[in-house]
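Below is one structure, written out as structure tokens; the observations come after it.
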């Protein structure tokens, strides 16, 4: 790809070869979230049934404690391992999608071998509705030349993820805090002793509360790291805003490496939460891109 030419990202991203990669990595992210939901809803079920069992079956507290402990071990080992495997496959295919779309070199030392086309095609076939995946990079790139257009797309990804991770972390923290207050109030109303509260209510809720606290922290950490990538992008853009074609491709590759690591190691945002915020976030990132592009226009 020659600097100064257009990568035609807006046009090419909806072509079958690129769209299939987008569908494939979305499928694996959905698979990862499915396994996370099993772990989450198991924790929630234990937490929600704890007050009822404490009232109607108080003698079974020790048995419930053993079940909670076994589920906690299972969730932290087997279920989390399967989820991580699906997330890794998704991140690798997403890296293939971005590098091919952006005309960036593949970093085999970091990512490993490229995903096999047959596996990509097989995964893509699991998603029948293509509408939500069209115009994935939705910002207006105008006539921004390569690799400036790549940098702007990387920025949209960083800003979008930073906002969603921060908001979802707050959602989890509020939910977990509300449940903690609820079981404490329930124990006070029932005039429970501290030991009864710990065994009958806190222990069955511990898995859900710990998972919520840990996940909220991970999402906030992910948001902070996305902000760092976003700041790096702004520094590069500021340096070359008058001549985006002169942006070194190595800078885009460096930022892509940072993004890949965050995708590989960070928690995904659930699709339902992403979908609720999509319209607003698309508008916000498009406005931000417009401001950046206008700042580089000498007119």
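The values are calculated or read from the model by the stated rules, or taken from the named source; none is laboratory data. None of these values were measured; they are calculated from a predicted model. Cβ placement follows ideal geometry from the backbone for every residue including glycine, while neighbour counts extend to all protein chains displayed.
General remarks:
- The set of residues in region 256-284 being under 22 Å from residue 238 (Cα atoms) and within 17 Å of the chain's Cα centre (by Cα) consists of 256, 257, 258, 259.
- Comparison of 273, 186 shows that the only residue that is in a helix (DSSP H, G or I), surrounded by fewer than 19 Cβ atoms within 10 Å (Cβ to Cβ) and at pLDDT below 90 is 186.
- Some residue of region 51-65 being over 21 Å from the mean Cα position of the chain (by Cα) and at pLDDT 90 or above: no
- When we screen 264, 278 for residues that are surrounded by 14 or more Cβ atoms within 10 Å (Cβ to Cβ) and free of Cβ contacts under 8 Å to residues at least 12 places away in the same chain, the only hit is 278.
- Residue 172 vs. criteria under 29 Å from residue 276 (Cβ atoms), free of Cβ contacts under 8 Å to residues at least 60 places away in the same chain and outside any loop (DSSP other than H, G, I, E, B): yes
- Some residue of region 153-169 being touching a residue at least 60 places away in the same chain (Cβ under 8 Å), crowded, with 21+ Cβ neighbours inside 10 Å and assigned to a loop (DSSP other than H, G, I, E, B): no
- Top-ranked residue in region 131-150 [being in a helix (DSSP H, G or I) and over 20 Å from the mean Cα position of the chain (by Cα); ranked as surrounded by the fewest Cβ atoms within 10 Å (Cβ to Cβ)]: 131
- Filter result for residue 79 (part of a helix (DSSP H, G or I), closer than 26 Å to residue 266 by Cβ, at pLDDT 95 or above and under 22 Å from the mean Cα position of the chain (by Cα)): no
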